[in-house]
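Undergrad: The structure is given below, and queries will be raised subsequently.
The values are calculated or read from the model by the stated rules, or taken from the named source; none is laboratory data. All of these numbers come straight from a predicted model, not from anything done at the bench. Don't worry about glycine lacking a Cβ; one is built from the backbone with ideal geometry, like all the others, and counts go over all protein chains shown.
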Amino acid sequence: MPGCMMAADSRHAGLQIALIGANGMLAGMIRERAPHDCNFHLFDLPGFDLNDRSQVVDVLSSLAPDVIINCAAFTNVDGAETEHDLAMAVNGTAVGFLVEAAQDVDATLVHVSTDYVFDGQATIPYVESDLPNPQSAYGRTKLAGEQAIINSDLEKYFIVRTSWLYGPGGNNFVETILRLAAEREELRIISDQVGSPTYTADLADAVFCLLAASASPQPPVSSPYGLYHFANEGSCSWYEFACAIVEEAQKCALSLKVQKIHPIATEDYPLPAKRPANSVFDKHKYKAATGVDIPGWRDSLNAYFLRREARP
Ligand SMILES: NC(=O)c1ccc[n+]([C@@H]2O[C@H](COP(=O)([O-])OP(=O)(O)OC[C@H]3O[C@@H](n4cnc5c(N)ncnc54)[C@H](OP(=O)(O)O)[C@@H]3O)[C@@H](O)[C@H]2O)c1
């Protein structure tokens, strides 16, 4: 548990949290890592559709939670190229409905966004004030969601951009590599896209650290609300990430077929959506607001495998 969590327990006493997209990968970890006395109210398809404005506003206004955490999204990056309208509805327009509900009941809105809002041309880590320039439909829809919050009058919000997310209960790169490594002797993985893998447990902790900081801001930060970059420390290519995953799997004695992983160029593995070549974040703003260090991606990958071993 990070340093902020102990203190957060008392600050979050009896916190009522509406968790949107509650069945998803990150949402599962948000529930698991929450301080013990948080009360969750869970919302997801099919009973709750973020695209239904009156349902969203009515349900959340009558619940009147202290915090709304939005983990719901259209997350199929390539699918968003063809299902653009649905992706824009969930990732863009519907975020405005959450803003409306948060304003109605004076709740804090926590919204999760992505490194894919950037074009990936930067040569140094991205800061929060860098100009977004999404190269994919998914990135454009996620940027629209951010703007629905930033361009509103809502003051109590956190937008947390993250990258290369993996964790229990989700289709993610780690599980894909483990499946392929069990089936094939050779893998070909892109080596010219660099980013920071992020374990959902660390991102969930970061969300609670930001909420704790809003209850008791760390000088010189007077109001911690706003936009943040959060990922595990360090960076790697997808190829390096795949090699590390196989290394961890071997340490756990998982049965694998893979003998060789080949680095390849993006152009050798064409996909519908363009991905940023570099999406490494500068995370100084998060660290200044919370006073908390961020685990390195390699240590967190190891932590994920330890947890996976304990609870397969
Ligand atoms: N995964 C990554 O690598 C990554 C990287 C950067 C940022 N992010 C962001 O992190 C957040 C969490 O991602 P995740 O990977 O945990 O997502 P996830 O596992 O795909 O979960 C999203 C949840 O939202 C639900 N949902 C979709 N449309 C909805 C609607 N109209 N109404 C209500 N619920 C709806 C989904 O239900 P169904 O499954 O039934 O559709 C699912 O349960 C997202 O904002 C994502 O953009 C993810």
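Undergrad: State whether one or more residues within segment 136-146 are within 20 Å of VAL207 (Cα to Cα), among the hydrophobic types (A, V, I, L, M, F, W, C) and surrounded by 18 or more Cβ atoms within 10 Å (Cβ to Cβ).
TA: Within segment 136-146 (the criterion being within 20 Å of VAL207 (Cα to Cα), among the hydrophobic types (A, V, I, L, M, F, W, C) and surrounded by 18 or more Cβ atoms within 10 Å (Cβ to Cβ)), the answer is yes, since at least one residue qualifies.
Undergrad: Let me ask something else about it. Taking segment 147-177 on its own, how many of its residues are within 18 Å of GLU233 (Cα to Cα) and touching a His at 6+ places or on another chain (Cβ under 6 Å)?
TA: 1
Undergrad: Still on this model: For GLY79, indicate whether it is surrounded by 17 or more Cβ atoms within 10 Å (Cβ to Cβ) and more than 7 Å from the ligand (Cβ to nearest atom).
TA: No.
Undergrad: Which pairs do you get when a residue that is β-branched (Val, Ile, Thr), found in segment 87-98, comes within reach of a residue that is more than 10 Å from the ligand (Cβ to nearest atom), reach meaning Cβ atoms under 7 angstrom, with the pair 6+ apart or on two chains?
TA: What qualifies is VAL95/ALA148; VAL95/ILE149.
Undergrad: Give me a count of the residues in segment 127-175 that are within 11 Å of the ligand (Cβ to nearest atom) and in a loop (DSSP other than H, G, I, E, B).
TA: 8
Undergrad: Another question, if that's okay. Sort out for me the helices (runs of 4 or more DSSP H) sitting completely within segment 198-312 that have 1 or more residues that are without any contact (Cβ under 8 Å) to a residue 24 or more places away in the chain.
TA: The helices (runs of 4 or more DSSP H) meeting that bar are 238-251, 284-290, 297-310.
Undergrad: Confirm whether LEU180 is more than 20 Å from GLY24 (Cβ to Cβ), in contact (Cβ under 8 Å) with a residue 60 or more places away in the chain and out of contact with any Phe, Trp or Tyr (no Cβ under 8 Å at 6 or more places or on another chain).
TA: Yes, satisfied.
Residue-wise test of (1) under 11 Å from the mean Cα position of the chain (by Cα); (2) not small (Gly, Ala, Ser).
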| residue | (1), (2) |
| --- | --- |
| ASN172 | no, yes |
| LEU178 | no, yes |
| SER191 | no, no |
| VAL207 | yes, yes |
| SER216 | no, no |
| CYS236 | no, yes |
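Undergrad: Can we say ALA182 is crowded, with 20+ Cβ neighbours inside 10 Å and away from the ligand (no atom under 15 Å from the Cβ)?
TA: For ALA182, the condition - crowded, with 20+ Cβ neighbours inside 10 Å and away from the ligand (no atom under 15 Å from the Cβ) - is not met.
Undergrad: Go through (1) more than 30 Å from SER255 (Cα to Cα); (2) of a type in the set (D, E, K, R); (3) touching a strand residue (DSSP E or B) at 6+ places or on another chain (Cβ under 6 Å) one by one and return the number of the condition ASP205 breaks.
TA: (3)
Undergrad: So which pairs qualify, if the first residue must be in segment 26-51 and touching a residue at least 40 places away in the same chain (Cβ under 8 Å) and over 20 Å from ALA303 (Cα atoms), the second must be within 13 Å of the ligand (Cβ to nearest atom) and not β-branched (Val, Ile, Thr), the Cβ gap must be under 6 Å, and the two must be at least 6 apart or on different chains?
TA: As it stands, the answer is LEU50/ALA72; LEU50/ALA94; ASN51/ALA89; ASN51/ALA94, since those pairs meet every condition given.
Undergrad: Is at least one residue of segment 212-229 among the β-branched types (Val, Ile, Thr), away from the ligand (no atom under 16 Å from the Cβ) and either over 17 Å from ASP115 (Cα atoms) or at pLDDT below 95 (or both)?
TA: Yes: segment 212-229 contains one or more residues that are among the β-branched types (Val, Ile, Thr), away from the ligand (no atom under 16 Å from the Cβ) and either over 17 Å from ASP115 (Cα atoms) or at pLDDT below 95 (or both).
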